[in-house]
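Quick notes on the structure that follows.
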């Protein structure tokens with residue numbers, strides 16, 4: 001008897017990987033489920049048995065991206081112990097994403113613009129709530145007089161940097177966003 005081989009990715013994992021690649025590169029509205037199914041190498045019934053609909057596949061795709069972003073940023077911030085540096089580190093972590101040649105902008109902005117349904121709205125709201133909560137907590141730890149206000153301001157810079165890189169092809173967006181965040185943090189902690 002030969003050694004037992006490990007099972008490959010599940011149908012769910014293959015569908016999510018295909019959706020991630022196709023939806024992010026081409027858009028959730030323009031990519032049909034047949035292309036996702038073909039790329040994943042699964043039967044159409046697998047998609048419907050696993051997700052029920054394209055809307056739910058889009059929701060799962062966005063939730064997966066949210067989890068990956070949260071994990072990446074959290075892991076990046078572990079290198080800093082000072083609250084101020086942790087807060088500014090969010091922009092550095094974002095800059096790593098911008099440096100990836102596959103960067104196509106914010107998946108949540110794109111999906112919301114293309115397919116503004118309940119599933120997309122809920123997934124986008126959850127992601128944006130996480131970003132705002134991250135900034136609020138870090139602003140509070142850094143000693144901001146009004147952490148909620150600072151978090152909203154920082155969130156606008158975070159979103160703007162992503163749009164600047166995507167639409168303006170601005171390689172200085174990371175440094176500019178971090179500098180703007182630092183100025184706001186300094187003003188908020190006086």
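Bear in mind that the values in this text are calculations on the coordinates, not laboratory data. Note that the coordinates shown come from a computational prediction; the quantities given were computed from them, not determined experimentally. Here the Cβ is made from the backbone with ideal geometry for all residues, glycine too, and neighbour counts use every protein chain on show.
Just a few scattered comments:
- Over 17 Å [Cα-Cα, the stretch 108-178], rounded percent: 54 percent
- Where labels lie 7 Å past Cα in the beta-carbon direction, separation of residue 45 and residue 21 in nm: 2.5 nm
- Relative contact order of the chain, defined on C-alpha pairs under 8 angstrom at six or more residues apart (%): 20 percent
- Once both labels are positioned 7 Å from their Cα atoms along Cα-to-Cβ, the gap between residue 156 and residue 176 label points is 1.6 nm.
- Spin-label model, residue 85 to residue 102: label points 7 Å out along the Cα-to-beta-carbon direction sit 3.0 nm apart.
- MRE, 222 nm, helices only [DSSP H, n ≥ 4, -39500 (n - 2.57), over the chain, to nearest 500]: -25000 deg cm²/dmol
- Going from the fewest other Cβ atoms within 10 Å to the most, the residues 76, 61 appear in the order 76, 61.
- Taking the number of Cβ atoms within 10 Å of each Cβ as an exposure proxy, the fewest-first ranking of 74, 174 is 74, 174.
- Listed from fewest to most Cβ neighbours within 10 Å, the set 149, 62, 185, 154 follows the order 149, 185, 62, 154.
- In terms of its Cα atoms, the stretch 33-190 spans 59, 29, 28 Å along the principal axes, sorted from long to short.
- Ellipsoid semi-axes in whole angstrom, largest first, where each is sqrt(5λ) of the Cα gyration tensor of the stretch 24-68: 17, 13, 10
- In Å, descending, principal axis extents of the Cα set of the stretch 59-138: 40, 29, 17
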